[in-house]
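Asker: Quick one: structure below, then a few questions.
The numbers here are math on the coordinates, done by the rules we state, and not lab data. Here the structure is a predicted model, which is why all the values come from computation and not from measurement. Please note: Cβ atoms are built from the backbone with ideal geometry, for glycine as well, and neighbour counts cover all protein chains shown.
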Amino acid sequence: MGGTADIALIHGMEEAISCLAGGQPVYAVLQRNANVRNRPYFEGCLLGRVPAGTLVRVEAVFGQEQAIPFVSLDRSLGRIPIAAPGFDEDIQPLLEENCGACHSATVKQGELQVTEYEPLMAGGLNGLVVQPGVPEESTLWTQVWSGTMPLVGELGDDETALIYDWIMAGAPRQGTEPAPVAEMWLRLSGEDFTRAPNNCAQDGGTVPFVSAQLALPASCAAMPDAEEIAAYLPKVEPVNAAPPPATGDSANNADANDGTNAGDNAEAKPEENTQNSAAAAPPRGMAAGSVGIRVAPLNLSPPSESDPWLIPLGGLCAEQFLAEKLQDKHSITALTFAPDGRLFIALDHPASGNSEPYAFYDPYHASRSIAIWHSVSRDSYYEILRESSRVTGMAWHAGALYLNRAGEVGRIVDGGGYEPLAGGFAVAGHLFHANNGLVISDGWLYVSAGGVRDGYSDGIIVLHDGELPAETLATNVAAGGNPFAARIVRARLDRLIAERSIGVFQTAARGVRNPYGITVDPFGRIWFTDNGATNVHGDFNAGDEVDLLDPRTLSAAANAGDVNATPFYGFPLALGGVNKDWWTAPVLVLPNSAAPTGITWAYDTIFFANYGRDPGLFRMANAGGRIIAERIMHNWPVQAVTTAPDGAVWIGTGRGMLFRLVPGCGG
């Protein structure tokens, strides 16, 4: 490493900012594939991309959505303090020492006192001396900067800069901590990235920015060579042994590469929608033969924002019902049928339109109820269980409606009232979706028990020497320590009815975060959707997926209640690219932030919904031995999916739209 003595190697953003403040550029290595924006925030226009491992020249550091940098080689841009100094901590000691002889409480020349906050901000005989946010119009700064004050002694450059930063920050009484790296953006030189077709010049310019959390500062002033980089920087290992869940550039192009916490309802981009090709399972994924789906693809195009809205594709017909009662008045959160054709509809506050104050945060609300409507005679609509907590799953069995509510499982025997059966499932904040769906099969009641974290924000979970502690940690974080969360749990139905305790539940499967929908196929197998992490870079599998659990394959130990003997699915170990014998591959890997919801078996295949990326209803198919999914209906947000006794697919949306889908329409 012969050139090291000529290179000023740096560590962290603090040293990078000091380098730039000294008038020298910083060279940094991108640790992840990164999108380049034309403004310092995640919704800026996409200028292009920088691959992981690229050495870039950094010329300025900005805060999130700030027009003025913290520091820049271009001094004409000005600067704002990276941390706001406070009067009490920073400015008062400086003024007491240097200005107290003339402007203290005892000696107030010009009626100006600068040794206490309120008198300083009140000014003196000549008016205000501090204009918060505008140092150039503040007498305190102009007098100090020109050297006119103090009369005795002299302030150093650091001290005058501190006064400038304090006024620029708004002259606060108390200071603030430095901006976190996650809120910093690096302005690059104009040639350090691959440009993408865009209209960014019409959207505010073409100055390139990347998120600072994706870059590791390497050197100050001089560009390190490859040998120096290799010796100094951590090695950038492949982060996923399986290929990313999208083909071509789409996995690297997704906005998840920015490191954003976009939430589960992420923006869909037409040029990046590759769900059809993304549907192939990774190595060790379940083959189409083992899954048992034989239906052929409909040969639909990948999902796009240009897809027709609410119009099904692939020869399916849609008919809407109860629009006058439900649309834009309610949100449909769950659906299920009784054998006689009665449709049970779980209702909530609508997901669009004017929101009632605190509706989402109030566990019991007038907008929450269950409606019963006879889908055959198409009459006799009425509501039951009014003023309920949020209902996220329903199943009809042996003359009773079983419910998943906020933290509770219960039932309504036909013609009777509500009976709680088990409470204590994890519930978080306004979401109330932690116990999600439920299904009854072969004498067991299964619950797709979600976690208490709506977005997994504690970083990537990795194995420790290939062992399980990291899995345990991740599960506990997602579950909040609740043993009945972030997993599939089940209870013998007869025991649950007799004992009415959450203690009769046992783990059936681990390694999920928020398994929203759950259904059973004609073979007794349990299918479920998992809504994975939200802040995961595009080269990771975030755990958005469709999974399959066959209870017949559970070991004797798992059936006896040994949680460590139960199968483990894709979140969060899939994030580290593991490929262990005990890891159960998903049937279908979805794009990050797809946020799958309801799921049902119909017409010899699986139908499921997304409410995040590529929102709408999808249908699985066997494409030459691999499973793919094709979007057959563009809609948002589809929350509930079920199958009627006659085999038709019914979907309910957050806008109160209720549809029946059957095959038979022209292409």
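Asker: Tell me, what ³J(HN,Hα) does each residue in the range 82-95 have, in order and in whole Hz, if you take phi through Karplus 6.51 cos²θ - 1.76 cosθ + 1.60 with θ = phi - 60° and put x for Gly and Pro?
Answerer: 5, 9, 7, x, x, 4, 4, 7, 10, 8, 4, x, 5, 6
Asker: Given the Cα-Cα distance of Glu319 and Cys665 and 0.36 nm per residue of separation, how much length would full extension add, in nm?
Answerer: 123.4 nm
Asker: Which distance in nm do the two modelled labels at Arg500 and Gln109 give, with both placed 7 Å along the Cα-to-Cβ direction?
Answerer: Each label point is offset 7 Å from its Cα along the Cβ direction, giving 8.4 nm.
Asker: Also, I was wondering about something else. Please compute the length gained on full extension between Glu116 and Tyr418, using 0.36 nm multiplied by the number of residues separating them and subtracting their Cα-Cα distance.
Answerer: 102.2 nm is the gain from fully extending Glu116 to Tyr418.
Asker: Let me ask something else about it. Just to be sure I understand the model, the point goes 7 Å from the Cα along the line to the Cβ. What's the resulting Thr148 to Val181 distance in nm?
Answerer: 4.4
Asker: Another one. Would you mind calculating the relative contact order of the range 74-150 from Cα pairs under 8 angstrom and at least 6 residues apart, reporting the percent as a whole number?
Answerer: 16
Asker: I would also like to ask the following. 5 Å is the cut-off here: which amide hydrogens, built 1.01 Å from N in the peptide plane, fall below it relative to Val58, excluding neighbours closer than 5 in sequence?
Answerer: When sequence neighbours closer than 5 places are left aside, the close amide H contacts are Val26, Tyr27, Ala28.
Asker: Any chance you could run the full-extension gain for Asp328 through Leu128? It's 0.36 nm times the residue separation minus the Cα-Cα distance, nm to one decimal.
Answerer: Working it through step by step, the gained length comes to 66.5 nm.
Asker: Sticking with this structure for a sec: With a point put 7 Å past each Cα toward its Cβ, work out how far Arg378 is from Leu9 in nm, to one decimal.
Answerer: According to this spin-label approximation, the distance is 7.5 nm.
Asker: By the scheme Lys and Arg +1, Asp and Glu -1, what is the net charge of all other residues having a beta-carbon under 12 Å from that of Ser375?
Answerer: Around Ser375, the surrounding residues sum to -1.
Asker: Starting from the amide H of Ala215, placed 1.01 Å from N in the peptide plane, find each other amide H under 5 Å away whose residue is 5 or more places distant or on another chain.
Answerer: It is Gln31, by chain and number.
Asker: Could you give me the ³J(HN,Hα) list for the range 180-188, computed from phi with Karplus coefficients 6.51, -1.76, 1.60 and θ = phi - 60°, whole Hz, x at Gly and Pro?
Answerer: Rounded to whole hertz, the list is x, 4, 4, 9, 9, 10, 9, 8, 9.
Asker: Counting only residues 5 or more places away or on other chains, whose amide H sits under 5 Å from the amide H of Thr597 once H atoms are built in the peptide plane?
Answerer: Amide H neighbours of Thr597, under 5 Å, 5+ apart: Ala609, Asn610, Tyr611.
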